[in-house]
């Protein structure tokens with residue numbers, strides 16, 4: 001359901017910028033969601049937050065295991081050209097990283113090791129010219145490519161940190 005392939009320009013840009021098979025499909029109300037793979041709890045927290053902080057996203061809320069949840073603050077940004085063409089004057093975006101336990105294995109040094117299935121979700125809101133309310137926006141091609149790139153970086157960082165056990 002949340003692993004759908006991108007279309008058009010976004011797919012091409014994703015291939016160029018992400019360099020991995022990461023599908024971004026619509027979530028709830030125009031959100032985009034990606035499967036970011038498997039990781040340990042420590043890697044989920046440290047590596048995903050590092051990528052988000054490198055893109056100027058600040059952590060607003062965090063929930064600890066067994067189900068991990070990281071919500072960033074809304075970050076104001078300049079609307080993309082295709083958003084401006086839709087009448088957007090301002091834009092804001094936030095990311096959500098969710099991780100749920102998937103499997104347990106044996107790590108000879110640390111005892112039991114739990115791996116988490118990780119999802120990255122992004123929400124986008126626009127404020128149109130002459131209006132005061134923010135509205136949840138359907139993702140444009142440029143926004144989709146921007147968000148897919150950040151999700152791909154998180155996936156890449158998590159893949160580097162996967163622990164293998166016998």
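The values are calculated or read from the model by the stated rules, or taken from the named source; none is laboratory data. Fair warning: this is a prediction, and the values are worked out from it, not measured in the lab. Positions of Cβ are backbone-derived with ideal geometry, glycine not excepted, and every protein chain shown enters the neighbour counts.
Points worth noting:
- The set of residues in segment 50-68 being surrounded by 20 or more Cβ atoms within 10 Å (Cβ to Cβ) and out of contact with any strand residue (DSSP E or B) (no Cβ under 6 Å at 6 or more places or on another chain) consists of 51 alone.
- If you filter segment 72-95 down to residues that are crowded, with 18+ Cβ neighbours inside 10 Å and under 19 Å from residue 154 (Cβ atoms), you find that the one that is nearest to the chain's Cα centre (by Cα) is 95.
Conditions (1) out of contact with any helix residue (DSSP H, G or I) (no Cβ under 8 Å at 6 or more places or on another chain); (2) within 13 Å of residue 80 (Cα to Cα); (3) modelled with pLDDT of 95 or more; (4) surrounded by 22 or more Cβ atoms within 10 Å (Cβ to Cβ), marked per residue:
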site	(1), (2), (3), (4)
122	no, no, yes, yes
126	no, yes, yes, yes
131	yes, no, no, no
143	no, yes, yes, yes
148	no, no, yes, yes
152	no, no, yes, yes
159	yes, no, no, no
164	yes, no, no, no
